[in-house]
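Undergrad: My questions will all concern the structure given below.
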Amino acid sequence: MSRSLRYAVLIPLAILAFALEFVVPHPGWELPLRSGVLIAACVVWYLLWATMRMPASASRGDAAAPVSPAEQRAWVGLLFTAAILVFYALRGGEMVAADGTMAPAASAIGRHIGTLVLVWLVVMRVLRRRWHDTVDEDERDRAIHARACGWARSALSVFVFGVALAFAFSPLDRLGWARPMMLSNLMMVGLVATSLVEYTATGLSYWRDRHRA
């Protein structure tokens, strides 16, 4: 199957799997059905990831620059942090009750986020087994990581500065949304978004290096 055809099949399936597992409510689903949906989703996500990391020149038989473990970590982190942010955007409002405290649905939503993190850890564990005989990090990796961390620190600084300005210059009657649970979600989104910036900067740096080689 060609790479473009794989994308045409796997991307809609990956979006559907994400929606079924983390967005669509499923009360009354039996445990075997829930487990089957989760396993199928993990398989689809893995196949999509394997397709993404396949060198574009592999189908032509050309030599391609290898994808380093650090680059693989970056792309995996990018996918999962983006998924967590999308989930917060779709379901985060349900975690806050009318009085600003934790809503009853917050526990279930938190379990979904925990499931995403657990799948992330499992994927990283599987990939580490494939990296046991490779160099984990070299000077180029450390330089790219330092630049990406700089971008992440800048993004976090902008986020904190923006929140500080919003609190400093907004009238009190417009800060009714700033309840404990909402602020908790805001801080979590800020941290995840900062990680997303770091993984994006790291992945793009490796991608540019490989395509210049």
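Values in this text are rule-based calculations from the coordinates and carry no lab data. Quick caveat: nothing in here was measured; it's all calculated off a predicted structure. Glycine gets a Cβ as well: all are built from the backbone with ideal geometry, and neighbour counts include every protein chain shown.
Undergrad: Using a Förster radius of 45 Å, what is the FRET efficiency between residue 207 and residue 108 based on their Cβ-Cβ separation? Nearest 0.05, please.
TA: Values: r = 37 Å, r/R0 = 0.82.
E(calc), rounded to 0.05, equals 0.75.
Undergrad: Also, quick follow-up: What does the highest-first list of 79-89, 94-104 look like by mean Cβ count within 10 Å?
TA: Details: 79-89: 18.0, 94-104: 14.0.
Going by the mean number of other Cβ atoms within 10 Å, highest first, we get 79-89, 94-104.
Undergrad: Provide the per-residue ³J(HN,Hα) series for region 91-106, in order, calculated from phi with Karplus coefficients 6.51, -1.76, 1.60 and θ = phi - 60°, each as a whole number of Hz, with x at glycine and proline positions.
TA: Couplings: 10, x, x, 6, 7, 10, 6, 4, 8, x, 8, 5, 7, x, 6, 5 Hz.
Undergrad: FRET efficiency for residue 8 and residue 142, Cβ-Cβ distance as r, R0 = 30 Å, nearest 0.05?
TA: Numbers: r = 38 Å, r/R0 = 1.26.
According to the calculation, E is roughly 0.20.
Undergrad: Say R0 is 25 Å: what FRET efficiency, to the nearest 0.05, do residue 168 and residue 188 get from their beta-carbon distance?
TA: 0.70
Undergrad: Would you please give the residues with an amide H less than 5 Å from that of residue 96, counting only those at least 5 places away or on a separate chain, with H modeled from the backbone geometry?
TA: Amide H neighbours of residue 96: 103.
Undergrad: Can you list the GluC sites (Glu not before Pro) in region 127-213 that are in a DSSP coil and have 16 or fewer other beta carbons within 10 angstrom? Please report the intermediate quantities before stating the final value.
TA: On the way: sites: 137, 139, 198; in loops: 137.
In loop regions of region 127-213 (DSSP not H, G, I, E or B), the sparsely surrounded GluC sites (Glu not before Pro) are 137.
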